[in-house]
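Notes follow once the structure below has been shown.
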Ligand SMILES: Nc1ncnc2c1ncn2[C@@H]1O[C@H](COP(=O)(O)OP(=O)(O)OP(=O)(O)O)[C@@H](O)[C@H]1O
Ligand SMILES: Nc1ncnc2c1ncn2[C@@H]1O[C@H](COP(=O)(O)OP(=O)(O)OP(=O)(O)O)[C@@H](O)[C@H]1O
Ligand SMILES: [Mg+2]
Ligand SMILES: [Mg+2]
């Protein structure tokens, strides 16, 4: 036996993690029961599908762009409405500004539950209740977006500490003064950065909204997929990729400008 | 979208449901909307719904006024959203042909439906007429067993593929021993190059279906209903039918709810009647 | 001279085990300039914050100009607070607003929620705020953003904010603890001069006994939440001062020992 | 005594405008303990890092034990580096590994890639590493995690890592700049004692002239990348030392002025 | 610049941004024919739908939902483990302090960005064509998504590690692999564990969505019950899903606290 060299607790924890990971992995893989031949057959078809995708077609571009615009607009409106609603609620929920403990706790529970249900399910539900179209998209997205914003805004408010709250309180200012004269001005930039970040995510979400029935470019993608029209699908995928990529770059820049970090 | 029940709507919204039989729809021809607009005097909009319950809920909530249904979704819509039949769309090309088929891979040992015992089977979707209702009825009839028996223990495993194309792909790619689908789907996929020629074999066919139902929101004012009905029955622009329903010689004819009695029977026998679902 | 503030049997417990503050009787008269000294954790901040109820007290009464602060309802409390200015160790300015806006925050206590939110400060408020800034030597900083200032300048803004309230009493919680000696002098001068000129009473927490002696008309020494000394600066002998800080020093020696062996 | 290191006409430019280092000639002999002093930005770090090529030089030659470091290929360079230990201002330990593993990193230069990756340190390496740790007073810290140590302890681990290399030369870049006086002494003692005992030459960058004088057998003064002084500690008069730091001090005065008026 | 003038300029800038924003808002409302009345009516309809049609949850089929739950968890584990392995490889090739070649780095970043920015529901559909139906296309699209996500965040964690210890190993004559093993990986470990656990949370959510487009798991139960208008059953399924997700989040949080 050689002299041991490692820091035992750290080493053991890491080993435990990997052990647990693979101990779970093996039975899960067995349970899912993936077929080897299915896999090989599928892989063999990759060159064929790649070739099909190469026949990219521009004929659908105008339609794609028009629908893309409405996807982006749905995201935009949704974020705008959500910001309006969530900003005040965030101050109700944050520990250092909550006017009432009970309301804050209630809100917290709501936010957790709403956030736990994936966005797509919300949209599916709103589509089922309101019918198709961008309106259902906006309403469906509203809930998870509001919950997300309340959460991150409140975290940001908590982080800003008690200093300003106390300063305004000490002058005899009201809750509204604390929020609007004290905290909002100092939190504005970080809020804007968060909003930009959420907008980026929301656009990515609205792009696929159409796939569960709300409007936008997703409807077209779903249609191409449904009819196996790979040429326009390739174009659609490209359009989506370029849009989301550019958006990511832009919002990153905005965030760096506003708060000096990309995340 | 629309005013409350009884009053004249401010705009008229048409929903096209996902058709089980349709070819690719290019942008639906605006001619139909324009002419209907001239008839009604209010703006006409149309939507393609991706799920039929969204369309039905929309009609229930007065957010859509007219919809082109599949047979099963029509009988559900009548029940859930108080939809009234107003016309029927006939596709002469489809008349008298089997609506759905049960297929197996080309070189499968399965020859008859009886051979399906203990195999894996793929339906399309629980609410699909041609991908679930009709084929199930075929199986029940040809095997001479009850739906209950069919569901419990006849097959090794039953899955819902989530789409006609997926059911066919499941058979051809080897995940299902057999699957049910609308009758023209395999040929379509073949022509797209997604499956090889002759990679499947049909072992059973269903009866044919009545035409596609066109339903209108029941609580619209009577004069609107009449206007729309007159318009539909006189409408004859082949380009529209070609784009919207894949067949230029399709046309709207007088509605006849009796045509759907058979579907109702089938649904009832399979415990999928609207009353069962909406209870 | 009339009484501004009367504290009786005041107790504050953060947790059931420790009593942070335990004061039998304390009166503050008009125009007094009182320095509160004591070791860290003595309860100085707790005392000041109890007075305008930034912390809720556990028992006892606090009476400010005839109003029971400890029992006041929201509206009364707001009124009391608007009459008491407060200066903080870390200035507590809103960084992204202009210096002038920060000073004008001192007027919020006199405005409706609505008027405050929409910045409807009266023209005379604005002029007075600017005048205050001139008085403390910030005439060139009026429209700068608060975070562009140095610490000493920020604290002078804090002083102006308190003065803008036209208060009867100013509470200053270690206003110079984060400042270099030079800025400390400037800030303490500004507080002292303005309070004296305008007849404002002042309670100021200080760490440095010399500074307390230089400015105060009365010194209160606190330790363990109790008042150990209360009298004119002259009465605070070396011995008495070191008594107040006693436990503290031995503690500091302990700490530096730990550091050495670390 | 033989020459370990010979530097000729060494130039280093980070950008075209400024020359960070410009040394005509510098020799280091066996067993020399050389302190390099000079103001901030003089080029001390650049000099040390050029020697084991952590920075690439712009022109000139560096010869270590007959090998041209500046022209060495990857494999030669690895060999040279394994013979030169290095000690860093911020210790540069791997925080989440044990103290012992950090010391054993000094052996990696002598092992195949493979053996190193799989921790195949020989038993004698392990024993020697532990012995080194005992020698610097870390016998109780062998199996602690590096981030559990104090600064002085961390630097002693850094020293052990360098010694584990059994080097001919140790480069130490301000090894005590982040330490309190007590720990500084412990660390400098450890470096000096071990180098002397094992006959290792040492080049150590230092900020404090007194420390340099106490330990070094030779002192090199650098300013603006050039050697201004090179001789025994006795020859470094007050005047000469202040000449080396001259520009720097006036600069510091400038800075503090700015602070005053800020 | 005089502060007063600067203040004015900021004010003008603010006004302009506000104006721009309002213009964008107006355009948006016009472009998608956003009807505010419809919107205001829509929200109560939605809420009523959730309350009237969904309540009370019908738990009669609860045994039937256990298999989809298991499926979802198994999908999550398998996809997370596989994508964490692939992501690890990509990340080391991508991070600027460990990449063996800058060109490779750029190419990989491009690929990963492409994988990430094409919606994974689109990938699922393409994978169905390749592999047919069943678990495979769903799992593979989760993996594609996971690899894209993890290789990016792993690479960022690797880039964030303290470079000083790496330099120390350099100075001791260590090779590339030795530096990786002894300086990079130990420091990257907390980031790796934390992100991998996070990935597990995401895959659980994602596989719920996957079911909506026929990918199996708990999501397909949502779709099926809704298609059959059995909304009270949908409520049960959603409740089960919420509990599952919260449980997973709770668990990963515990593990994270313990291990890091
Ligand atoms: N929010 C709090 N929660 C719990 N205990 C507190 C809190 N604030 C203060 N204390 C405790 O109350 C006691 C008095 O604290 P206080 O801050 O009033 O002292 P201080 O004299 O202002 O000290 P310093 O000079 O450090 O500011 C201390 O023991 C402190 O630990
Ligand atoms: N990576 C770099 N890029 C550009 N310039 C550098 C870099 N490193 C050092 N320099 C410059 O080279 C010159 C010498 O720097 P060096 O770090 O060698 O000085 P030093 O004597 O070690 O200073 P200190 O005592 O502050 O560590 C300085 O002018 C410095 O600004
Ligand atoms: Mg205090
Ligand atoms: Mg240096």
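Worth pointing out:
- Annotation: Cα Rg of region C:96-166 relative to the compact-globule expectation 2.2 N^0.38 Å equals 1.02.
- Highest-MSF residue in chain A out of A:66, A:154, A:170 [GNM, Cα springs under 10 Å]: A:170
- Calculated FRET efficiency for the pair residue D:180/residue D:71, C-beta based, R₀ 51 Å, to 0.05: 0.75
- Per residue of peptide B:111-123, the mean number of Cβ atoms on other chains within 10 Å of the residue Cβ is 0.
- Label-to-label distance for residue A:44 and residue B:261 is 5.3 nm, based on points extended 7 Å past Cα in the beta-carbon direction.
- The overall shape of the protein assembly as shown, judged from the alpha-carbon gyration tensor, is oblate: a/c is not under 1.5, and a/b is no greater than b/c.
- The protection proxy used here, the mean number of other Cβ atoms lying within 10 Å of each residue, ranks peptides A:48-56, E:228-236, A:103-111 as follows, highest first: E:228-236, A:103-111, A:48-56.
- Debye intensity ratio I(q)/I(0), log10, region A:8-52, q values 0.23 Å⁻¹ (C-alpha model): -0.79
- Note on chain E: with a GNM built from Cα contacts shorter than 10 Å, the maximum mean-square fluctuation among E:75, E:131, E:34 falls on E:34.
- Computed from the Cβ-Cβ distance with R0 of 35 Å, the FRET efficiency linking residue B:226 to residue E:37 stands at 0.80.
- Chain C, rotation onto D, residue closest to that axis via Cβ, with its distance in Å: C:180, 12
- The other copies place their residue C:73 label points at 9.2 nm from this one, listed shortest first, where each point is 7 Å from Cα along Cα→Cβ.
- Summarising the strand pairing of the protein assembly as shown, around 60 percent of its internal DSSP beta bridges are antiparallel.
- Residue E:30-residue E:9 pseudo-label distance in nm [points 7 Å out on the Cα-to-Cβ vector]: 3.3
- Shortest-first nm distances, residue D:120 label point to equivalent points in other copies (7 Å, Cα→Cβ): 8.3
- Candidates A:89, A:184, A:34, ranked by Gaussian network fluctuation over chain A, Cα under 10 Å, top entry: A:34
- Each copy carries residue D:3; placing its label point 7 Å along the C-beta direction from Cα gives inter-copy distances of 9.2 nm, listed from smallest up.
- Between the beta carbons of residue C:246 and residue C:59, assuming R0 = 35 Å, the FRET efficiency works out to 0.80 to the nearest 0.05.
FYI, it's all coordinate maths here, none of it is from the lab. Since the structure is predicted, the reported quantities are computational estimates derived from the model, not experimental observations. Quick reminder, even Gly has a Cβ in these numbers, built from the backbone with ideal geometry, and neighbours come from all protein chains shown.
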